Each structure stands twice: as structure tokens, then as C-alpha cells.
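In what follows, a structure is listed as C-alpha cells, so that the remarks can point back to it.
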Amino acid sequence: MAGLFNNLLVLFFVFQNICLGFRSPLSVFKRYKDTSRSFSSECLGSDQPVISLGLSDFALDIRMPGVTPKQSDTYLCMSVPLPVDDEAYVVDFKPHASMDTVHHMLLFGCNEPSSTENYWDCDEGTCKDKSNILYAWARNAPPTRLPEGVGFRVGGETGGRFFVLQVHYGDISAFRDKHKDCSGVTLHLTHQKQPLIAGMYLMMSVNTVIPPGEKVVDADIACHYKRFPMHLFAYRVHTHRLGKVVSGYRVRNGQWTLIGRQSPQLPQAFYPVERPVDVSYDDTLAARCVFSGEGRTTETHIGGTANDEMCNFYIMYYMEAKHAVSYMTCTQNANPELFRNIPQEANVPVQVMSDMLKMTHGHHEETKDGDKSSLLQQAKKQEEEILEQNFHIEEAVEWPGLDLKLGQISGLALDAENNLVIFHRGDHVWDENSFDNTFVYQQRGLGPIEQNTILVLHPSNAKLLHSLGKSLFYLPHGLSIDKNGNYWVTDVALHQVFKLGPDKKEPLLTLGVALQPGSDKNHFCQPTDVAVDPNTGSIYVSDGYCNSRIIQFSPNGLYVMQWGEETSLGRAKPGQFHIPHSLALIPDFSQLCVADRENGRIQCFRLETGEFIREIKHKSFGRKLFAVSYVPGLLFAVNGMPYPGEAEPVQGFVMNFSTGEIIDTFIPLRKSFEMPHDVVASEDKTVFVGDVHARAVWKFAPTEKMEHRSVKKAGIEVQEIKESGTIVEGRLKNNPESTDPVKKQEKQHLVQQHTSPGISFVLITTLLIIPVVVLLSILLFIRWRKTAVYGGDGEHKLDSSSGRILGRVRGKGSGGLNLGNFFASHKSYSRKGFDRVSTEGSDQEKDEDEGTDSEEECSAPPAPPAPSSS
């Protein structure tokens, strides 16, 4: 019995000593004993930053102290000291962040934070000494997970003594209610020694220069590894806007093994290495960043600002504790020849889904249905199906909307039911008296337009379904409709953008200051168009006649960013505008295409960054391109009147969206385009064009599918229209892309003849012979009369007045017909072309001298007119 008691007593003392050996974490948190965290009452979670999890483990809560960012893309930092003196290990992370408010978070370890304030703007830096990234969290990215038995060493003699949390607030529209944010992360730490220690290897380019306009620029980094083996388990890539793809490799005995490859435009968190990769002594670590300088007008260098670039490839690894090194860097290219053998995938951009980009850049609407990765494939498939169809756009001559009595038509759109919505100016016109030389509207005394300026018409019969916009606008311009049926419009006189509900009399949202032009974040100068992203609600405004920029706003109307600049001398560069006049938003590919009017081109940009993607420009556009519209697979556009001496006609264009190739052109059969100002198309390829001068709206529709092929017969081009196994021939001009409305009518008439069952060959022959017989009879009668009156030589004895008339018709010494001189003989005719309609200044674009050949031969061509408004 005594022996049993003695044994129990020994065990008690041993257990007591063991317990004393493991000090309670709370007993050693002396740095916190007199300190409490003052969290806002709005923040959820514990106000105790340190929580005991047992004898050797504890949790450390690192949170923002109730902050309210004041502008988008704000980076805020705060620091927390390690609450123990001796060594500890971080083994797990638990994030506390909302996708509605936080773009991403980074957690650093260091010995001296950049500030001692409660929190600070991260522009001041994160740490004064060397810092090490321990954790990263981003929208739509996997959280950082450490393998079993792996921890980051902190405290003690070698580990960092502070944690610094960096939080990036992207779109701050969620903070309109001024609530406080306490985003952060909870760390799980332990005093138990970990057999494997985690660390960070940073590969970084420091001397890359990206020339302006250069399509592909490679930044290569390579270093020989000269330490104990390490095992790689996660990676992270980082560039700014010009980065396309970043790849990292281990090179061993000439063999390249992929560590990780990712688009830097995706959430920049740590991604797991797909297959285990170990790095041993004398291996080479290599990385490549691929950039594009398109859209930039100056060289781009490595640096820390948004206009600079960065090329970083982070590798998270672990090593045996006895050999562990917590941080290593590589900033050189030790073997440039090595990259001759880099896998081709390193220069292939990673395909980024538009919904992924939305989440990357802080937008908070999620894609709800199905596999997100199928979105782009669906768009591509839909585009291929559209482009496989062989169709041609012709005017729908039965549509009665051409005869509507409207004001200057400035904007068109289609609502969810494909009803046509027209934005017009009623009894107001834009002419040379509308603005002074500072772009201030001069006719406000007229008051707002008293008619309804927004008309909703049935697309088949042009019946008026709904109207609104009375007494709101002075000079309407651009129009679009969002997915909720709201109307978004611009007014160039008011210098404002408005959001109108379908049944509301007053605007739901107004951007800009009434009647005050400007170029800052709160003012516009004659804004031309507006587009709303159906996925994110972001608002894009083209501004405008006296500014050269595209501005992005949040769904609530807060300024986000802008891009663009005025066109310089010489050829217009990417990202430069000379009247950005019309917008087409392409949600399937996350692009915004802009009709750059006076530069006669379309420029497309990435929605989230404003990065230039491509230019579409054709000779047949002429010098002006007024409007652009998109349906899956296709772009539609309309151009402007040619300058004097130029031949490009005013017409509409159908283009392959992917290639920019023109696949069809179209012009009206009734009336003629004068200044087509806007174009809109539906997915069934029905097209409406509004003309600001003709004050008309045309409807165009695809014709039935026919096989068109051109052949040459006796030097004359003949088009064969093959249908139902029969061929009917229509004679065309030598130009296969003829846009002459008379010729189009002849072709259409021939097709109608072919399809009419009751017309026989005999009847056609009879109809052709009758006019010939009548003409011969008239000529014989005239011959007889001349012979009777003048005798045999009578045809040479015309009086002087008859000779003058004939000479006037034929032209001076030309021997041919000169209609310019013939009409010029009438006193009501102006030699400057048609009488100018009292509308916008761009009527001057149509003026040209109609002098005779002999007059024009020695005269200098007229100077191109100044850019005009419309």
C-alpha cells in the first residue's frame, strides 16, 4: 500500500513539473495585459486579440480597427506585435473578409512596421526592415493552406516580432452607409517545434523596360540554387496592368518542370503547386513575365506606382527545420541563353473568364449558374454559329418608321422586348450658335425640350408604345438601356449623364454638373454616350467632344478610373481619341469598344483596367466613324460623309468581331444616308440606323440565305444568285461591293421576277421589245420633221440659243454631260452643295466645290474642315 502511495506521489510531482514547463500562453502575454482593442460596435468577433487554445497553442486575432475607406483602390495597413518573446510557429490561418468590401489581404512578418499608428495608408510602406509574406487572401482564390507539420517560424532570435496586415479595398460602393470594416485574419500559433519550416522565395525583375506599343515583351529571371533541398507547395504571381502571363520553372539537367503559371489579372493570392516539386543544390529556378506595351505612349519601367510595372514570382516552400531559411530572393538573369528552351506555354496568355476578372477587380455580383468556365466557350460557339451563316443586310422597305416626324435623332437602343427606343431633340437643334468657345451652352433661354424625347416604338409596325423625357433635356445625344430596363442618356448642353426609370419622370441618378463643362472627376464636357456592364453594373461614359477620355463609375455613380488622351500630331496612337463618340459593351469578352469618330476607327479596351486591346480600321470607313454596336459574333458600325475628293460612301458595316473583317455593307433603298448618327442591332441581325440630319430611322434586316458568287462575262461582272437550284443573273458594277441604291433596286427587282411564278419568257420578251419599237418610231418621226423643215442639211442649222443650251449641258469643251455646270446655271443653286440645314456644325463636312473640270484642274484642293459636332 505504501509503495502504491509513493508511486502516485512521484507521478504527481512529475506531472506538476511538466505542467510548469508548459507555461500558459495567457501568463506570458505581458504586452497585452494593459492593452485592449477598441473595436467598433459594428464589427463582429472577439475583442480579445489573444485566445488560449490549450497548453501550447493560442490564436491571435488581427483585424482592421473599424475603418471606412474614402475612395476605391485604397490600401490600409495595421500592425500587431507578437504577444510572446520566445519562438512560436504559425500553422493555420482563418480569414475574416467579405467579398463585397475587400479585394484582397496580405499578411507580412517583420521586426519594424512602417508606422506606429493604429492603422495607416500603405503608400507609406508596410515594414521598415525586410518583410516576408506569410498569408494572402483574395476573392475567388483558394486560401493559403500549410501542409501538415509545416509552420512559419516567428519570434525568438530569428523570427519576426510583428505582423502587418494589408487590406486592399477595391470598389467602395458598399461603404456608402459609412459602416466600419474590421476585416482581417486569425492565426493559429503553437509553441511546439515544427519539423518543417515554411519560407518564401521571391523572383523579381528589376530592370525590365517595356517600349510603348510593343506587343510582346519578355522579362526573364534565373538563379542557381545553392542551398539545402526545399519543397515547393504554393506560388503567387504579380504584375500591374500590362502583365499577360507569369510562369515559374525548375530547370534540372536541361529539363523544365513547371512550378506554376497564372494570369496576373486573376486574384493575386497563393495557388497550390499542382504536382510536388523539389529543388536541390545546383538546380536553376527560372521565371518569365510577359508584358504588352500596347496602349502606352511612353516607356514603362519597373516601379511601385500604378503607371509602372512589376514582375514578381513568389514561391512558398518548406525545408527541414535544422537547415531552414525563411526568405530568399533572385533578382537577376544568370543564364539568358537558358530561355531559348523555355516551354512555349510561357508565352501563351492564360484565358481569363470575364466573371473571374469582375471578382478580381472588386465587383460583387457572382455568376450563379453552371460551370463558370463554360461562359467563354458558349460565347465563342455562338459567334461561330453566327459567322457560318451566309446573310446580307437589306433595308426593310415595308417598315413605316421612316416617315415618322421627329427632331434630330441622336441615339437608338433596343429594350428587353427588342422594341426600338429613340432619343431625339424635338424642336431643338445643334448649330453654330449653340455653344461659345468655352463649350458653355448659349441657348438655355429656350428652356428644355417640351416634347417627349424618348420614344418606344414597336419594331415591326413603328407604333408608339410609350414615351417620356419631356422638359428634361436641352440637346440629347447618347442612349443605352441596362438589363433592368433603365434608360441611360447623355445631354451635351447640360454636360450630364442621367439614369431614368421606364416609368419615372425624374432621373434616378445624375452624373455631372448642369450646364458646367469641365474635365475633372465631377464634370463632363459634352459627353457623347454611356454604357452599363450587365454583370457588374459599372458605368462607362465617353467624354466627349471637348474631352478625350472614357470614365468608369461604380453602379452607384462613384468615380473609379478613367483612360484616354487627346490625339497627338501624326497618326493617332492606341488609347488616344478625337471625339470618342459611341460605345459598345461586349460582356462576353469583358471589352468596351469605342467609335473614335474623327480618327475613323474602333478601339477596344479591357473593361476592368482600360487596357488597350486592339484597333479596327478600314479604308472604307473613310475619315469618320460615328457609331458602333455589338451582338454576339458581330460588330455593326456607320461612318460619316467623305471629305471633298474622297470616294468612300456613307454606309453601314457588318464585321466579324474576332477578326474585325468586314463581311457586309448596307445602304438604304429609300432616301439616302446624310449623317447616320447611331446604330443598334438585335441578335436576329435586325439593324436600326438613326440619321441626325435626315431625321429618319431606317430598319435593315438579313435577307434569305442565298449563295452569292461572282463571275466574269465579256469583261462585265455578273452576280449569280443561286436559289432552289435555279440561277438568275443580275448585272452589277465592276465593284462587287457596290453600294449604289439604284443597282441594289435592280438586283432586288430581278430576284422578285425570278420568284414570281406567273411571268413567262414570252411576256418578258414582249415587254422588252415594245420600248424599242416605240423609240424607233419616235426617231423616224423626228427625222421626218427635220427633213421637212430644214431640208437635207437642217440638222446642222441650229440657232445660237439652242447651241448655248446644248453647250451648257455638255460642259465647256468637254464634249460630255456636266450636271454641275448645268445646275449651277440656275440662280437658286448654291455652288457649295445643298443648302445647309440649320443643325449641327458637322454639316460643313459635306460642303464641296462642284466646279467644272477645267476650273478644278489648276486650283488647290480645299483644306479639310475642322472637326464638327453632332
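The values are calculated or read from the model by the stated rules, or taken from the named source; none is laboratory data. Note that the structure is predicted; figures quoted are calculated from it, not measured. For neighbour counting, all protein chains shown are included, and Cβ atoms are generated from backbone atoms with ideal geometry for every residue, glycine included. In case anyone asks, the SASA skips ligands and DNA or RNA and just uses the protein heavy atoms, side chains included. Shrake-Rupley method; radii C 1.70, N 1.55, O 1.52, S 1.80 Å.
Shape of segment 403-503 from the C-alpha gyration tensor: prolate (a/c of 1.5 or more and a/b above b/c, with a ≥ b ≥ c the square roots of its eigenvalues). The stretch between residue 684 and residue 70, if pulled fully straight at 0.36 nm per residue, gains 216.5 nm over its current Cα-Cα span.
Taking the average, over residues, of other Cβ atoms within 10 Å as the packing measure, peptides 84-95, 546-557, 327-338 rank 546-557, 84-95, 327-338 from highest down. When Lys and Arg each count +1 and Asp and Glu each count -1, what net charge do the other residues less than 13 Å away from residue 251, Cβ to Cβ, add up to? Net of charged neighbours comes to 0. Normalised size of segment 55-115, defined as Cα radius of gyration per 2.2 N^0.38 Å with N residues, equals 1.34. Counted by Cβ distance under 14 Å from residue 69, the other residues give a net charge of -3, where Lys and Arg count +1 and Asp and Glu count -1. Across segment 429-435, coupling constants 3J(HN,Hα) worked out from phi with the 6.51/-1.76/1.60 Karplus curve, θ = phi - 60°, read 10, 9, 10, 5, 9, 6, 9 Hz, and Gly and Pro carry x. Each part gets one Cα centre, and for segment 280-335 versus segment 61-84 those centres are 27 Å apart. For residue 627, neighbours were defined as the other residues whose beta-carbon sits under 12 Å from its Cβ, and their charges (Lys and Arg +1, Asp and Glu -1) total -2.
With a Cα cut-off of under 28 Å and a minimum spacing of 8 residues unless on different chains, the lysine pairs in segment 473-617 number 9.
Spin-label model, residue 656/residue 123: points 7 Å from Cα along the beta carbon direction are separated by 4.7 nm. In the context of the full protein assembly, residue 227 retains an accessible surface of approximately 120 Å², using a probe radius of 1.4 Å and ignoring ligands and nucleic acids.
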